[in-house]
1. For region 29-90, what D do you get in µm² per second when you plug the Kirkwood radius from alpha-carbon pairs into Stokes-Einstein at 20 °C and 1.002 mPa s?
2. If I build a Gaussian network model for the chain, linking alpha-carbon pairs within less than 10 angstrom, which residue out of 12, 46, 54 has the largest mean-square fluctuation?
3. Net charge near residue 88: determine it from the other residues with C-beta under 14 Å of the C-beta of residue 88, scoring Lys and Arg +1 and Asp and Glu -1.
4. Using a Gaussian network model of the chain whose springs link C-alpha atoms within less than 10 Å, name the residue from 63, 51, 87 with the highest mean-square fluctuation.
5. Based solely on its DSSP helices, what 222 nm [θ] is calculated for the chain when runs of n ≥ 4 H residues each add -39,500 (n - 2.57) and the sum is averaged over all residues, nearest 500 deg cm²/dmol?
6. If I model a spin label as a point 7 Å beyond the Cα along the Cα-Cβ vector, how far apart are those points for residue 88 and residue 68 in nm?
7. Trypsin sites (Lys or Arg not before Pro), restricted to region 39-80: which are DSSP loop and have at most 10 other Cβ atoms within 10 Å?
8. Comparing 99, 78, 58, which has the greatest mean-square fluctuation in the GNM of the chain with Cα pairs linked when under 10 Å apart?
Amino acid sequence: VDALPPPSRTTVVVDAVFGFSFRPPLRAPFGEVLSSMSAFPHIVAVDVPSGWDVDAGPPKTGGGAELRPSVLVSLTAPKRCASAFDGTAHFLGKVLMPPEVGEAHGLLPQTAWGSSQVVRLV
């Protein structure tokens, strides 16, 4: 993508630039990309907001510091950085895993979800 469209009240940006294994600092051109995304009022972040450290959350300064998604969709389990999330809705998306993995990490048994693929946390 060379450029994002101008921000509007109805535009939703899905933030899935990096995965949960991302570690700061950002390298060019991603700081500029995240700053452009931050101008939009509705950002849905997948698992870990881009530019955030999976454990520490958003950086204090630099690219990604201003990225504050309004919705967070955590996959499998909320990551530690989710404690810094201050948006309007936090969802947990179901990802299939062996039962022993879920038990080892204290996650809800997948049978508790029933047929639902998503649970609202906030």
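1. 187
2. Result for the chain, Cα springs under 10 Å: 12 fluctuates most.
3. The answer is +1.
4. Evaluated over the chain, the most mobile residue of the options is 87.
5. About -3000 deg cm²/dmol.
6. So the label points at residue 88 and residue 68 sit 1.4 nm apart.
7. Counting only loop positions with at most 10 other Cβ atoms within 10 Å, the trypsin sites (Lys or Arg not before Pro) in region 39-80 are 60.
8. Between 99, 78, 58, it is 99 that shows the largest mean-square fluctuation.
The numbers here are math on the coordinates, done by the rules we state, and not lab data. This structure is a prediction, so every number in the text was calculated from the model and none was measured. Cβ atoms come from the backbone with ideal geometry, glycine included; neighbour counts cover every protein chain shown.
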